[in-house]
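Heads up, the thing below is written out as structure tokens.
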Amino acid sequence: MIIDKQGRIAGKVSLIDIALVLALIGLIAGYGYRKMSGVAKTIVNTNTTFYVTLDVEPIRQYSVNAVKLGDIFYKQHEQLPLGKVVALRQEQAKDVIDNPDGTAAYVPIDDKYVLYITLECTGNVSDSGYYVNGSSQVSAGSDLTVQSNMVVCGARVDSISNNLGG
């Protein structure tokens with residue numbers, strides 16, 4: 001017989017032991033599933049307009065001149081637009097040098113500029129962030145490679161706001 005009088009299978013393993021091990025595995029699997037799936041993301045606003053300011057640096061003057069108000073920017077290698085340029089600001093690029101006395105100083109970099117591009121974007125806003133075109137998340141501090149019809153450049157998301165200039 002497979003189960004003896006003491007409730008053991010083949011005289012070695014108790015049915016109660018097997019039930020306890022299966023219950024423990026079930027609890028661990030349930031805990032893992034709950035932790036991995038997380039809470040469902042709540043969409044706060046759909047089809048919302050928000051403004052993303054990109055910090056593009058350092059680029060040359062001809063690249064600065066190639067960016068115009070109204071240009072459409074894309075994340076590189078994506079077909080859907082990221083947003084339309086609604087504001088531009090440029091500053092002389094600077095670098096930090098170490099002085100012989102141990103202090104540091106900012107010095108201008110010849111023919112290099114920091115360009116701040118503000119894009120008007122349309123997308124979804126949820127408790128987990130801003131999404132352009134439904135699935136492409138944009139978050140402050142993230143690095144992107146963006147392109148228009150005239151320029152491709154690396155950029156960092158400087159800020160995201162619900163109103164222009166905010």
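So for segment 133-140 (the condition being more than 13 Å from the chain's Cα centre (by Cα), surrounded by 12 or more Cβ atoms within 10 Å (Cβ to Cβ) and of a type in the set (A, V, I, L, M)), does at least one residue qualify?
No, that holds for no residue.
Among the residues of segment 148-160, are any more than 19 Å from Asp71 (Cβ to Cβ) and polar (S, T, N, Q)?
Yes, that holds for at least one residue.
Going by what's in this entry, would Asn124 be described as surrounded by fewer than 17 Cβ atoms within 10 Å (Cβ to Cβ) and either more than 26 Å from Ala66 (Cβ to Cβ) or of a type outside the set (Lys, Arg) (or both)?
Against the criterion (surrounded by fewer than 17 Cβ atoms within 10 Å (Cβ to Cβ) and either more than 26 Å from Ala66 (Cβ to Cβ) or of a type outside the set (Lys, Arg) (or both)), Asn124 does not qualify.
Return the total of residues in segment 137-166 being under 15 Å from Gly123 (Cα atoms) and in a strand (DSSP E or B). Spell out how you get there, then give the answer.
Applying the first criterion (under 15 Å from Gly123 (Cα atoms)) to segment 137-166 yields 137-139, 160-163.
With in a strand (DSSP E or B) added as a condition, the list becomes 137-138, 160-161.
Of the residues in segment 137-166, 4 are under 15 Å from Gly123 (Cα atoms) and in a strand (DSSP E or B).
Asp110 versus (1) in contact (Cβ under 8 Å) with a residue 24 or more places away in the chain; (2) under 26 Å from Asn65 (Cα atoms); (3) charged (D, E, K, R); (4) surrounded by fewer than 15 Cβ atoms within 10 Å (Cβ to Cβ): which is the lone unmet condition?
(1)
Just give me the residues in segment 123-166 being under 15 Å from Glu78 (Cβ atoms) and polar (S, T, N, Q), in sequence order.
Within segment 123-166, Asn133, Ser135, Ser136, Gln137, Ser142, Thr145, Gln147, Ser148, Asn149 meet the criteria.
Pull up segment 18-45, narrow it to residues that are closer than 30 Å to Thr122 by Cα and assigned to a helix (DSSP H, G or I), then point me to the one that is modelled with the lowest pLDDT. Talk me through it step by step, then tell me what you get.
In the first step, residues of segment 18-45 are kept if they are closer than 30 Å to Thr122 by Cα; the result is 36-45.
Applying the additional criterion that residues be assigned to a helix (DSSP H, G or I) yields 36-37.
On the way: Met36: 67, Ser37: 60.
For segment 18-45, the residue satisfying everything is Ser37.
Any idea which residue in segment 49-72 is surrounded by the most Cβ atoms within 10 Å (Cβ to Cβ), counting only those that are closer than 12 Å to Ser148 by Cβ and of a type in the set (A, V, I, L, M)?
Among those that are closer than 12 Å to Ser148 by Cβ and of a type in the set (A, V, I, L, M), it is Leu54.
Limited to segment 115-166, what total is found for residues that are over 11 Å from Gly83 (Cβ atoms), among the charged types (D, E, K, R) and touching a residue at least 40 places away in the same chain (Cβ under 8 Å)?
Total meeting the criteria: 3.
Does Gln90 qualify as being exposed (fewer than 10 other Cβ atoms within 10 Å of the Cβ), assigned by TED's automatic domain parsing to the domain that holds Gly123 and not charged (D, E, K, R)?
No.
The values are calculated or read from the model by the stated rules, or taken from the named source; none is laboratory data. Keep in mind it's a predicted model, so treat the numbers as computed, not measured. Note that we place each Cβ from the backbone using ideal geometry, even for glycine, and neighbour counts take in every protein chain shown.
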